[in-house]
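Inspection log for the structure reproduced underneath, given as C-alpha cells.
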Amino acid sequence: MANAVKNQSNEPSGKPQNGVMDLLFNIDSMTGGELPIPLLKKILFIAGLIMIYIYYTMMAESKIHRIEKAKMDLEEIRANYTTQKAEYMKVGKQSYLALSMKKYKLEVSLTPPIKIVAETEKEQ
C-alpha cells in the first residue's frame with residue numbers, strides 16, 4: 001500500500017495547468033524553453049529608451065505650455081500698459097488740465113512764461 005501512494009505522487013496528473021498569461025505570451029516555441037538573457041537585455045534596453053523618450057516628451061510639452069502662458073501674460077501686460085499710457089496722455093492735455101483746475105478756481109494763463117536770468121549766470 002505504501003508503494004501505491006508513492007507511485008501516485010510521482011506521476012504527473014495529466015495535462016499541465018496553463019494560465020491565461022501562458023496562453024497569450026507563450027514564447028517557448030521561439031526560445032526553446034529557455035530564458036533568453038541576450039534577448040531580455042535588448043528588450044529592457046529598448047524599454048528604457050522608450051521611458052526616456054516619454055519623459056523628455058512630457059518635459060517639452062510642459063515647457064511649451066509654460067511658454068504659451070508667459071506669452072498670454074505678456075500680451076495682457078502690454079495691453080494694460082498701452083491703456084494706461086493712453087489715459088495719461090489724455091489727462092495730460094491742456095484742455096483736460098483746464099477742466100481739472102476749475103475745481104481749485106484756477107484759470108489758464110494767457111501770457112507765455114518768461115525766462116528769469118540770475119545775476120550769477122550773466123557773469124559766466
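Provide a single number: the residues in the range 100-122 that are surrounded by fewer than 10 Cβ atoms within 10 Å (Cβ to Cβ) and either in contact with a Ser or Thr (Cβ under 7 Å, 6 or more places away or on another chain) or outside any loop (DSSP other than H, G, I, E, B) (or both).
Keep residues of the range 100-122 that are surrounded by fewer than 10 Cβ atoms within 10 Å (Cβ to Cβ), which gives 103-105, 107, 109-122.
If we keep only those that are either in contact with a Ser or Thr (Cβ under 7 Å, 6 or more places away or on another chain) or outside any loop (DSSP other than H, G, I, E, B) (or both) as well, we get 103-104, 119-122.
So the count comes out to 6.
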Inset, instruction - Would you check if there is a residue in the range 59-67 being hydroxyl-bearing (S, T, Y), at negative phi and not in a helix (DSSP H, G or I)? - result: no
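Please tell me if Y88 is outside any loop (DSSP other than H, G, I, E, B) and surrounded by 10 or more Cβ atoms within 10 Å (Cβ to Cβ).
Details: outside any loop (DSSP other than H, G, I, E, B): yes; surrounded by 10 or more Cβ atoms within 10 Å (Cβ to Cβ): no.
No; evaluated as a whole, the condition is false for this residue.
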Inset, instruction - Could you please find all residues in the range 93-108 being of a type outside the set (A, V, I, L, M, F, W, C) and modelled with pLDDT of 80 or more? - result: K93, Y96, S100, K102, K103, Y104, K105, E107
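The values are calculated or read from the model by the stated rules, or taken from the named source; none is laboratory data. In this text, all values refer to a predicted model and were calculated from it rather than measured experimentally. As a convention, Cβ positions derive from the backbone with ideal geometry for all residues, glycine included, and neighbour counts pool all protein chains shown.
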